[in-house]
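Student: Following this message is one structure expressed as structure tokens.
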Amino acid sequence: FERHLERKIIVPKYNVLMGALGMAILVRDYYLDHPTETLFRGLDVGDIEFKTSAFLCGDCANNCTIVQVKMPQDENKVIARWGSRCGKWSVF
């Protein structure tokens, strides 16, 4: 390429990260220009004791066991649910 373009080509030492770094900068800039509320709960999310429960769905022959996770501050708010084969109870 250098000979064809008659220019020196510089390849950064960490060239495989350049796309990820560039995208992170673009996202940061966009967020600073368009601030919105996110679902990000912070880096200490591992310290939160979520409430989990399970129930049986008898709406069809599958009889799925549905597992759900709720926030401790608002036990009416389901933040995740899985186990339904048909997708009826899926929440993510």
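The values are calculated or read from the model by the stated rules, or taken from the named source; none is laboratory data. Source: prediction; values computed, not measured. We place every Cβ from the backbone using ideal geometry, glycine too, and count neighbours over all the protein chains shown.
Student: Counting only residues that are under 25 Å from residue 81 (Cβ atoms) and among the small types (Gly, Ala, Ser), which one in region 13-60 is surrounded by the most Cβ atoms within 10 Å (Cβ to Cβ)?
Tutor: Filtering region 13-60 for residues that are under 25 Å from residue 81 (Cβ atoms) and among the small types (Gly, Ala, Ser), the one surrounded by the most Cβ atoms within 10 Å (Cβ to Cβ) comes out as 53.
Student: Take region 13-30 and flag every residue that is modelled with pLDDT under 90 and not hydrophobic (A, V, I, L, M, F, W, C).
Tutor: Passing the criteria: 13, 14, 15, 19, 22.
Student: Step by step: first the residues of region 40-52, then only those that are of a type outside the set (D, E, K, R) and in contact with a strand residue (DSSP E or B) (Cβ under 6 Å, 6 or more places away or on another chain), then the one that is nearest to residue 88 (Cα to Cα). Which residue is that?
Tutor: 52
Student: Follow-up question, since we're still on this one. So which residues in region 1-12 are modelled with pLDDT of 85 or more and either surrounded by 10 or more Cβ atoms within 10 Å (Cβ to Cβ) or not aliphatic (A, V, I, L, M) (or both), if there are any at all?
Tutor: Once the filter is applied, which keeps residues that are modelled with pLDDT of 85 or more and either surrounded by 10 or more Cβ atoms within 10 Å (Cβ to Cβ) or not aliphatic (A, V, I, L, M) (or both), region 1-12 yields 2, 3, 4, 6, 7, 8.
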